[in-house]
Amino acid sequence: MAKRIAIVEDEAAIRDNYTAAFRREGYVVDAFEARAPALDAFESRLPDLVVIDINLKDDVEGGFELCRELRARSADLPIIFLTARDSEFDAVSGLRLGADDYLTKDISLPHLMARIAALFRRLDAMQKPHGNESRITRGDLVIDTERMTIHWRDIAVGLTLTEFWLVHAMARYPGHVKNRQQLMDAAQAVLDDNTITSHIKRIRRKFLAIDADFDAIETVYGMGYRWLSD
Amino acid sequence: MNLKRQLLLVSLLTLMLPWAGCEFIRETESALRSGQQQMLAGTARALASSMTQYQEEFPASDGTLEAGDQLYIHPLASRPSIDGYFDDWPLERESLRAMRGADGPVHVALGALGPAVYLYVEVVDRDVVYAQSQSIVLDKGSQHADRVNLINSSPPYLDEVIAFAAEAPGRILSYKQTAYGFAPEPTITAYWQDVPGGYQLEARIPSALLGTHLGVVVSNTDDAATPGTRSSSFEGRSPGPAARRLPELDAVATSLVQPGMRLLLTDAAGWRVAVAGEIDSESMRASGSGFVRRIYDLLVEPGKEAAFAEPDPQGREQQTYVSSALSGRETATWFRSDESGKAVVAVAAPVQTDGATLGAVVLQQGTDAILSLTNEGLARLINLTLITTIVVAAVLLGYATWLSRRIRRLSIAAEAALENESLQSALPSALAEDEIGDLSRSFSSVLKQLGDYNDYLRSLASKLSHELRTPLAIVTSSLENLEHEPLNEAGVGYTNRAREGADRLRRILAAMSEASRVEELMANVEPEGFDLKAVLDSTITAYRDVYKDRSFSFDCRLDKAATLGSPELLIQMLDKLVDNAVDFSDDGDTIRLGLTATDDGYALTVENPGPPLPEKMRTQMFDSMVSMRSGKNTQHLGLGLYVARLIASGHGGSIEAHNTDGGVVFEVTLPPTETV
């Protein structure tokens, strides 16, 4: 059965382009231009994934509001912010509201498709029984590439997709320096240097929340980052 | 010249007050005085015309006589004793008539009291030669002696001589020339007094022995064998008529004079023939210190010294106003005395009959009242205006100080606000309702506009990139959809080109939003301690990989450079500087980095060979959207160095650029660790 994607975007041209692209990939697409009609439709049926713009015409923070209401209804509905707002503050706010990813409109359609596919894959994997073949273990770190989850000392680390891929890219070859371009490619996103830096900071913080002595990610100034494994 | 001095100068204008007051007082005084002079002149004229009826009483004058040939017989108030000394004469020494003598000046005085005439002669003589008993009158052969001759005559009769010569100092006999030669004259009392350097002779002669014309001849010899050198009181062969006070005219003058006035009558030569009345000498001395009086003297028209108003001690009135009256012109003048505060108004009028001048009437009157009035008024005026001036100057000075302090505070605050590029709080005097308040408010609005403009410039790039991102997304997503449509070869080519263009546009937008992202990061950065040197070492290694056609050198003598801040951001700053250095240098050039410890922290330098910076850009180049590049690299919006400055100042440091020999050096100063 085809997955159903809802897209809430006030800019008609973008909405139509994304709709066309999603349909081409075989998804069923519901397109909305504002929060109210979207909520009305979700009343009767929740889609499998929602792509939301933050700025919905006059409803400046409408995307955030929508995200909060959707998250209230379903804890595991994948939500992706796709917005022109690239400020750190907005990204943090969006992710705090429970979004699975925060993407700026710089992202190319193939990248967007890849991410959506990955999110669905994770969703599917969650429902399947555990299989060890997709696991990568690096000391205290366990990466489940199928479910796209990461555990540190057996505690799940709540990472977004982008963060997951960054950790994955570093931890696959411990001790190797991954430069920013490599990390960007791994995350399938166009990120500038500062965004990478903030992502790494956020990842470190999430690990530190579990383990106060966490220091497995090393900054190699001027070059990139590497995973240290004992 | 600052405001304070200017106002102080302006306050000097209040000195006009005393000046105007003085002008007024001077006017008043001179008006009063000229009124008094006119009144006095009228009286003097009347007196002069009434004097003509006493024509006969005035000494006759033939007009050929020289005044110098005449002697004046002073009226004596008391009888001097005949002892050869002048000090018991009721006259001043100024009254002595001086003549030139052989060994020094000869002084002569004549006085009249009752029926006698007194003679005093004072001779400077190196060597007094006394007469022999036989030669006491005969002055010939080897019989010469020092002697004094009193020549008298009543023309047309011949001259007669009374000779005084001494055999010894003391009381001497005098000899009178008669038709039969010299004979002792017992009615004359004479005394010869030797004094150091000469001798003094005093004699009393009955008036009956003397004629109308008198002269004194002194003969001075050095030894008995030589004739003496003669010095005489007259020039010609015979002496002139003796001038004296005339009792008849004195009586007339006394009867005519009014109280508080002095009346002098002179003959045609100016000899005083009558005196009557006294100037009221009871002076109302003006109050006021010497200082005030000095100012007064400066301000008020000066008169002649009051002493000159007194009758001449030698008996002959020689003041200009008297001489001009004697030449026929009525003249007024005035005298004043500093000591007594006394002023004297004087008028001299000629006494004329048939065109001939008989003499002059001199009328003098004190003007104590006027002078005291003005003097006291002046003193009060000066005091008051002086106080006013000081008060006004002090008030103006205080006012100016207050004004200039307000203006200075305003200017300091405005400058500070300008440096911070923002208006933190209201400028001083913003609520004042005067012009300074207006100025302050205008400053505020100018600064606010400037701040708004700067904010606008700063946010322009990020706003622009933000606004352009959505249309760009439309373009790219459309192009990406287009790729899935069937296209011919040319269509694919165009699509690819369009995508390349859109990609470039995206990179530009990313660069434009970088500054605002850096600012955002800076606000949230959690400073960490790190070793700047180690970070630089590793970064420079990375640069060597990235820029393979440049060489990099790193000069650092420090073992460790402990720094607090964000290493990522500092590297980003360095990236911008190195990127800049690479763009302005050529392949194979060496880019030199350096890190040194300074007094205020660390100095990080990036130096590249290349063209010098234009001088006018030196300060602007770190501003937003200012680029010095000339088309070499099209993707530069002039944000790189702005980001570098943002990061440097976010770390509490600063960034500067200088030209060096054949290159450019950028220097970032970072504060020492403990102040970050």
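Need pairs with beta-carbon distance below 7 Å; first residue at pLDDT 85 or above and within region B:42-56, second in a helix (DSSP H, G or I); sequence gap 6+ or separate chains.
Hits for this filter: B:L47/B:L256.
How about region B:581-603: which of its residues are within 15 Å of B:L564 (Cα to Cα) and at pLDDT 85 or above?
Of the residues in region B:581-603, the ones within 15 Å of B:L564 (Cα to Cα) are B:597, B:600-603.
The answer is B:A597, B:Y602, B:A603.
Check region B:26-36 and report whether any residue there is touching a residue at least 40 places away in the same chain (Cβ under 8 Å), crowded, with 20+ Cβ neighbours inside 10 Å and farther than 26 Å from B:G270 by Cβ.
Yes, that holds for at least one residue.
Can you name the residue in region B:469-520 that is within 22 Å of A:A21 (Cα to Cα) and basic (K, R) and, of all such residues, is farthest from the other protein chains (Cβ to nearest Cβ)?
Taking the candidates together, the pick is B:R497.
For region A:158-178, check the following and say yes or no: at least one residue is among the aliphatic types (A, V, I, L, M) and farther than 23 Å from A:V220 by Cα. Steps first, please.
Going residue by residue through region A:158-178, those that are among the aliphatic types (A, V, I, L, M) are A:159, A:161, A:166-167, A:169-171, A:177.
After this cut, where a residue has to be farther than 23 Å from A:V220 by Cα as well, the list is A:161.
The answer is yes, given that some residue of region A:158-178 is among the aliphatic types (A, V, I, L, M) and farther than 23 Å from A:V220 by Cα.
Looking at region B:531-542 only, could you name the residues that are facing chain A (nearest Cβ under 9 Å) and either farther than 17 Å from A:G224 by Cβ or polar (S, T, N, Q) (or both)? Lay out the reasoning, then the answer.
Residues of region B:531-542 that are facing chain A (nearest Cβ under 9 Å), as a first pass: B:534-542.
Matches in region B:531-542: B:S538, B:T539, B:T541.
For residues in region B:543-596 being free of Cβ contacts under 8 Å to residues at least 24 places away in the same chain and either hydroxyl-bearing (S, T, Y) or under 20 Å from B:V518 (Cβ atoms) (or both), which is nearest to the other protein chains (Cβ to nearest Cβ)?
Within region B:543-596, the subset free of Cβ contacts under 8 Å to residues at least 24 places away in the same chain is B:544-546, B:548, B:568, B:575.
Pick out the ones that are also either hydroxyl-bearing (S, T, Y) or under 20 Å from B:V518 (Cβ atoms) (or both) and you get B:568, B:575.
Numbers: B:E568: 5, B:D575: 8 Å.
Among them, the one singled out is B:E568.
Do the conditions hold for A:K201, that is, is it under 27 Å from A:V50 (Cβ atoms) and basic (K, R)? Talk me through it step by step, then tell me what you get.
Working: under 27 Å from A:V50 (Cβ atoms): no; basic (K, R): yes.
So A:K201 fails the test.
Filter region A:150-182 down to residues that are surrounded by fewer than 18 Cβ atoms within 10 Å (Cβ to Cβ) and either touching a Ser or Thr at 6+ places or on another chain (Cβ under 6 Å) or more than 20 Å from A:T195 (Cβ to Cβ) (or both), then give me how many there are.
Qualifying residue count for the region: 10.
For every residue, the table says whether it meets (1) among the aromatic types (F, W, Y); (2) at pLDDT 85 or above; (3) not assigned by TED's automatic domain parsing to the domain that holds B:Q37.
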residue: B:S323; (1), (2), (3): no, yes, no
residue: B:A346; (1), (2), (3): no, yes, no
residue: B:G359; (1), (2), (3): no, yes, no
residue: B:T385; (1), (2), (3): no, no, yes
residue: B:T389; (1), (2), (3): no, no, yes
residue: B:A394; (1), (2), (3): no, yes, yes
residue: B:G398; (1), (2), (3): no, yes, yes
residue: B:L439; (1), (2), (3): no, yes, yes
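In the set A:V51, A:V60, A:V28, which member is away from chain B (no Cβ under 14 Å) and not polar (S, T, N, Q)? Give the derivation first.
Numbers: A:V51 fails: away from chain B (no Cβ under 14 Å); A:V60 fails: away from chain B (no Cβ under 14 Å).
Just a single option satisfies the conditions, and that option is A:V28.
Kindly provide the set of residues from region B:153-165 that are more than 11 Å from B:V218 (Cα to Cα) and buried (at least 22 other Cβ atoms within 10 Å of the Cβ), ordered by number.
Kept after step one, since they are more than 11 Å from B:V218 (Cα to Cα), are these residues of region B:153-165: B:153-162.
Correct list: B:I162 only.
Under 16 Å from B:A242 (Cβ atoms) and at pLDDT below 90: is that true of B:S153 in this structure? Explain how you work it out, then say what you get.
On the way: under 16 Å from B:A242 (Cβ atoms): yes; at pLDDT below 90: yes.
Taking the combined requirement at face value, the residue satisfies it.
Filter region B:429-459 down to the residues that are among the aliphatic types (A, V, I, L, M) and loosely packed, with under 15 Cβ neighbours inside 10 Å, then identify the one that is farthest from the other protein chains (Cβ to nearest Cβ). Give the derivation first.
Step one: of region B:429-459, the residues among the aliphatic types (A, V, I, L, M) are B:430-432, B:436, B:439, B:446-447, B:450, B:457.
Applying the additional criterion that residues be loosely packed, with under 15 Cβ neighbours inside 10 Å yields B:431, B:446, B:457.
Working: B:L431: 38, B:V446: 32, B:L457: 19 Å.
Filtering region B:429-459 for residues that are among the aliphatic types (A, V, I, L, M) and loosely packed, with under 15 Cβ neighbours inside 10 Å, the one farthest from the other protein chains (Cβ to nearest Cβ) comes out as B:L431.
Okay, residues lined up against (1) crowded, with 16+ Cβ neighbours inside 10 Å; (2) away from chain B (no Cβ under 11 Å); (3) closer than 30 Å to B:R517 by Cβ; (4) in contact with a strand residue (DSSP E or B) (Cβ under 8 Å, 6 or more places away or on another chain):
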residue: A:D10; (1), (2), (3), (4): yes, no, yes, yes
residue: A:A13; (1), (2), (3), (4): no, no, yes, no
residue: A:F32; (1), (2), (3), (4): yes, yes, no, yes
residue: A:L66; (1), (2), (3), (4): yes, yes, yes, yes
residue: A:L70; (1), (2), (3), (4): yes, yes, yes, yes
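For region A:81-99, which residues satisfy the criterion of being outside any helix (DSSP H, G or I), more than 14 Å from chain B (Cβ to nearest Cβ) and surrounded by fewer than 21 Cβ atoms within 10 Å (Cβ to Cβ)?
Within region A:81-99, the first condition is being outside any helix (DSSP H, G or I), and the residues that meet it are A:81-87, A:97-99.
Cutting the leftovers down to more than 14 Å from chain B (Cβ to nearest Cβ) gives us A:97-99.
If the condition is that a residue be outside any helix (DSSP H, G or I), more than 14 Å from chain B (Cβ to nearest Cβ) and surrounded by fewer than 21 Cβ atoms within 10 Å (Cβ to Cβ), then A:L97, A:G98 are the ones that fit.
Being outside the structural domain of A:K105 (by TED's automatic domain parsing), buried (at least 20 other Cβ atoms within 10 Å of the Cβ) and at pLDDT 85 or above narrows it down to one residue among A:F207, A:F214; which is it? Walk me through how you get there before you give the answer.
On the way: A:F214 fails: buried (at least 20 other Cβ atoms within 10 Å of the Cβ).
Being outside the structural domain of A:K105 (by TED's automatic domain parsing), buried (at least 20 other Cβ atoms within 10 Å of the Cβ) and at pLDDT 85 or above holds for just one of A:F207, A:F214, which is A:F207.
State the number of residues belonging to region B:195-223 that are closer than 16 Å to B:D83 by Cα, more than 60 Å from the chain's Cα centre (by Cα) and either outside the structural domain of B:S238 (by TED's automatic domain parsing) or surrounded by 21 or more Cβ atoms within 10 Å (Cβ to Cβ) (or both).
Going through region B:195-223 one residue at a time, the tally reaches 2.
Under 6 Å between Cβ atoms, which residue pairs at least 6 apart in sequence (or on different chains) link something in region B:73-101 that is of a type in the set (F, W, Y) with a partner that is assigned to a strand (DSSP E or B) and surrounded by 14 or more Cβ atoms within 10 Å (Cβ to Cβ)?
From residues that are of a type in the set (F, W, Y), the pairs are B:F86/B:Y120.
For region A:100-120, give me the residue count where each residue is in a loop (DSSP other than H, G, I, E, B) and more than 11 Å from every other protein chain (Cβ to nearest Cβ).
Initial filter on region A:100-120 (in a loop (DSSP other than H, G, I, E, B)): A:100, A:105-108.
From what is left, the residues that are more than 11 Å from every other protein chain (Cβ to nearest Cβ) are A:100.
Here the count works out to 1.
Could you check region B:515-609 for strands (runs of 3 or more DSSP E) lying wholly inside it with 1 or more residues that are more than 24 Å from B:T660 (Cα to Cα)? So that I can check it myself, show each step before the final result.
On the way: elements: B:528-531, B:551-556, B:562-565, B:590-598, B:601-609.
The strands (runs of 3 or more DSSP E) meeting that bar are B:528-531, B:562-565.
Could you pull out the residue among B:A208, B:A203, B:A131, B:A190 that is part of a strand (DSSP E or B) and more than 19 Å from B:A98 (Cα to Cα)?
Numbers: B:A208 fails: part of a strand (DSSP E or B); B:A203 fails: more than 19 Å from B:A98 (Cα to Cα); B:A131 fails: part of a strand (DSSP E or B).
Just one listed residue meets the conditions, B:A190.
Among B:P80, B:P115, B:P59, which is in contact with a helix residue (DSSP H, G or I) (Cβ under 7 Å, 6 or more places away or on another chain) and not charged (D, E, K, R)?
Details: B:P80 fails: in contact with a helix residue (DSSP H, G or I) (Cβ under 7 Å, 6 or more places away or on another chain); B:P59 fails: in contact with a helix residue (DSSP H, G or I) (Cβ under 7 Å, 6 or more places away or on another chain).
B:P115 is the lone residue from the list that is in contact with a helix residue (DSSP H, G or I) (Cβ under 7 Å, 6 or more places away or on another chain) and not charged (D, E, K, R).
The values are calculated or read from the model by the stated rules, or taken from the named source; none is laboratory data. This structure is a prediction, so every number in the text was calculated from the model and none was measured. Heads up, the Cβs are rebuilt from the backbone with ideal geometry, glycines too, and the neighbour counts pull from every protein chain shown.
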